[in-house]
Amino acid sequence: MTHPSRRGVIASGLAATALPTLATPALAKTAPSGAPKPWGATPSPRQLAWHTRQQYAFVHFSINTFTDKEWGYGDEDPKLFNPTDFSPDQIVGAAKAAGMTGIILTAKHHDGFCLWPTLLTERCIRNTPYKNGKGDIVGEMAAATRRAGLAFGLYLSPWDRHHPDYGRPAYLDYFRKQIVELCTRYGELFEFWFDGANGGDGYYGGARETRKIDAPAYYDWPTTIALVHKYQPMACTFDPLGAEIRWVGNEDGVAGDPCWPTMPNHPYVQSEGNSGVRGAALWWPAETDVSIRPGWFYHADEDAKVKTPERLLKLFDESVGRGTNLNLNLPPDRRGRLADTDVAVLRSFGDAQAATYAHDLAKGAVAHASAERGAAFSAARVLDGNRDSYWSTPDADQTPSLTLDLPPTRSFDLIRIREYLPLGVRVTRFAVDAEVDGVWKNVRRA
């Protein structure tokens, strides 16, 4: 199998099995007469909206930033949290420069410290030196995110190594009240992130012991997810069975190739999560999460280990390019800002993406298809710039081809193929051929 380089393929023609486009739900119209019937599992409206986001930022910022840990034990003094120059606009601006479409903030990590002034616990920002206890990191980040025109989401760890009742019914009541607070105070959320780390050793109100749980039974995920949707109907949840989004199965930023958006209707299995399962019962697409640094929280000794713009561009291809969404973690330092190195890398990453997609090289091409379903689904639909239109063939034709005749001397080195997701995943395999110096050559099969 050959893999065309972003800068390596020179051609004057292109053939592929299908080049339909991804729907934009807000603009989706009633299906035209004679449209194909959906096949298999299909996405919900909130999932369709999520698919269009493509890439967004994770922001891990909490008491761990000040203890130089990845996982706090739960006994840290809240007074340790004291950013000296917190700038949500700087964080959001850097993310936007990188092409991110949203921000997901860690409102509470495993140590139980809350970045909003909750009245449910004293272990929160009210009892920190930050703004003399009058600050609200969640609120300030939400406001900055919306000022920049980006979407906002929240991470809430189900595991709480501080709470004395973790593992008992009383904690579940506390946890759900936290969900309600976060879903009702900070405007519309596009995603609500539940971490899969659950149960283990912790402070637990001074007990300092290990507590194990049966997570699906303990959290009663259907009820918990329904609570999110009660207040945030368009928020996709991550990642237990019943949620809208699944984990890709690693924290390296690399999705399977292919990575099907469908999964079997049983609890998540990591061996299935990376590539999904073709034709499975649930529309449960993957999110590919990775940090710009080795750790999820800021550590000064990782300042020289920030991923390069070139590596981020490759991660984009290995996540968004494979049909998943990229969730790129950006950890603020103890000032409450992204380090200068991270900001520079993000800007270069954004510039590289902008340059890559600045010009649609298929404009001016002429499309021909081996078969068409009708005028509403003609080959020309792939070139009309409308993400709600698509080329389709009669049901009996399952091996069609589409040819784009490009203007003379026009070259390209990147091809983007999209499927019209409201109809489900209908394309199983595709091939891309290019005419190079008068000879047709296969450049990719998948």
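The values are calculated or read from the model by the stated rules, or taken from the named source; none is laboratory data. For clarity, every value in this text was computed on a predicted model and none was experimentally measured. For neighbour counting, all protein chains shown are included, and Cβ atoms are generated from backbone atoms with ideal geometry for every residue, glycine included. SASA here: full protein model, heavy atoms, side chains in, ligands and nucleic acids out. Shrake-Rupley method; radii C 1.70, N 1.55, O 1.52, S 1.80 Å.
Given (1) under 25 Å from Ala49 (Cα atoms); (2) in contact with a helix residue (DSSP H, G or I) (Cβ under 6 Å, 6 or more places away or on another chain), where does Arg293 come up short, assuming only one miss?
Single failed check for Arg293: (1).
Quick one: in the range 428-444, of everything that is among the β-branched types (Val, Ile, Thr) and open to solvent by 40 Å² or more (accessible area, probe 1.4 Å), which residue is nearest to Pro258 (Cα to Cα)?
It comes out as Thr428.
Among the residues that make up the range 248-257, is at least one of them part of a strand (DSSP E or B) and either in contact (Cβ under 8 Å) with a residue 40 or more places away in the chain or touching a Cys at 6+ places or on another chain (Cβ under 8 Å) (or both)?
No, the range 248-257 contains no residue that is part of a strand (DSSP E or B) and either in contact (Cβ under 8 Å) with a residue 40 or more places away in the chain or touching a Cys at 6+ places or on another chain (Cβ under 8 Å) (or both).
Given the options Tyr155, Tyr231, Tyr204, Tyr166, name the one that is open to solvent by 20 Å² or more (accessible area, probe 1.4 Å), of a type in the set (Phe, Trp, Tyr) and in contact (Cβ under 8 Å) with a residue 12 or more places away in the chain.
One residue alone meets the criteria, Tyr231.
Which of the residues belonging to the range 406-427 are surrounded by fewer than 14 Cβ atoms within 10 Å (Cβ to Cβ) and within 30 Å of Val277 (Cβ to Cβ)?
Arg416
Give me a count of the residues in the range 374-402 that are of a type outside the set (Gly, Ala, Ser) and either touching a helix residue (DSSP H, G or I) at 6+ places or on another chain (Cβ under 9 Å) or closer than 25 Å to Pro45 by Cβ (or both).
Final tally of qualifying residues: 11.
Would it be correct to say that Thr121 is closer than 19 Å to Trp159 by Cβ and modelled with pLDDT of 95 or more?
Here the answer is yes, as Thr121 does meet what is asked.
Kindly provide the set of residues from the range 147-194 that are more than 28 Å from Gln90 (Cβ to Cβ) and aliphatic (A, V, I, L, M), ordered by number.
Across the range 147-194, the qualifying residues are Ala170, Leu172, Ile179, Val180.
Kindly evaluate Gly253 against the criterion of being surrounded by 22 or more Cβ atoms within 10 Å (Cβ to Cβ) and touching a Lys or Arg at 6+ places or on another chain (Cβ under 6 Å).
no
Given the structure, is Val366 more than 30 Å from Ala94 (Cβ to Cβ), touching a strand residue (DSSP E or B) at 6+ places or on another chain (Cβ under 8 Å) and touching a residue at least 60 places away in the same chain (Cβ under 8 Å)?
no
Cβ-Cβ below 6 Å, separation at least six or inter-chain, first residue in the range 406-429 and under 17 Å from Ala367 (Cα atoms), second polar (S, T, N, Q) and open to solvent by 40 Å² or more (accessible area, probe 1.4 Å): which pairs?
Leu406/Ser12
Look through the range 55-84, keep the residues that are surrounded by fewer than 20 Cβ atoms within 10 Å (Cβ to Cβ) and among the charged types (D, E, K, R), and return whichever of them is farthest from Lys96 (Cα to Cα).
Asp75
Count, please, the residues in the range 104-134 that happen to be within 15 Å of Asp333 (Cα to Cα) and open to solvent by 20 Å² or more (accessible area, probe 1.4 Å).
Result for the range 104-134: 0.
Out of Thr52, Thr101, which single residue is among the β-branched types (Val, Ile, Thr), open to solvent by 10 Å² or more (accessible area, probe 1.4 Å) and out of contact with any strand residue (DSSP E or B) (no Cβ under 6 Å at 6 or more places or on another chain)?
The match here is Thr52.
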